[in-house]
1. Take each of the peptides 74-87, 18-31, 45-58, average the number of other beta-carbon atoms within 10 Å over its residues, and list them starting from the highest.
2. Calculate, for Asn22 and Leu76, the FRET efficiency according to 1/(1 + (r/R0)^6) with r their C-beta to C-beta distance and R0 25 Å; round to the nearest 0.05.
3. So with the 1.4 Å probe, I'd like the accessible area per residue for segment 12-100, rounded to whole Å².
4. In a Debye calculation with equal point scatterers on the alpha-carbon sites of segment 12-100 and no solvent, what is log10 I(q)/I(0) at q = 0.10, 0.16, 0.25 Å⁻¹?
5. Given 0.36 nm per residue, what is the gain on full extension from Ala47 to Tyr15 after removing their alpha carbon distance, in nm?
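The values are calculated or read from the model by the stated rules, or taken from the named source; none is laboratory data. It should be emphasised that the depicted structure is a prediction, and the values quoted were computed from it without experimental measurement. With ideal geometry, Cβ positions are generated from the backbone for all residues, glycine too; neighbour counts draw on all protein chains shown. The area values use the complete protein model at the heavy-atom level, side chains included, leaving out ligands, DNA and RNA. Shrake-Rupley method; radii C 1.70, N 1.55, O 1.52, S 1.80 Å.
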Amino acid sequence: WDNADFSRGVGTTFYQEFHTLNTAKPPFVRDVEAKIRRYLRSSYSAAWTLKITWEKAPAYAARTDTRRTNTYQAILTTDGFKSYVLMLYQQGGMQWDYTRLPATNVLIGYT
């Protein structure tokens, strides 16, 4: 991710935490578990999950363009032994104009 800039009042960030050890799991957590099982071909039962959403986030510096925004999420989850991160992006990937960003080494994901 690059630097998002919320200084112009455009976009927001919010999170939701799910404690699911010995409790009923909401559909969102069951979906995360299913993705991990499918992609990693391993059994997984979440004890804790955190969903962080950056909604309509403009790129730094927002003074240049607040119309091209991105919505993306990071999902952190653990069963107490193994931990995973899922990074989800809006349909079509990043919408920021990478030619106008201060950083020239823009990636979707992490290294």
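1. 45-58, 74-87, 18-31
2. My answer for the efficiency is 0.80.
3. Per-residue value: 64 Å².
4. Summing over Cα pairs of segment 12-100 leads to -0.34, -0.70, -1.20.
5. Here the segment from Ala47 to Tyr15 would lengthen by 9.8 nm.
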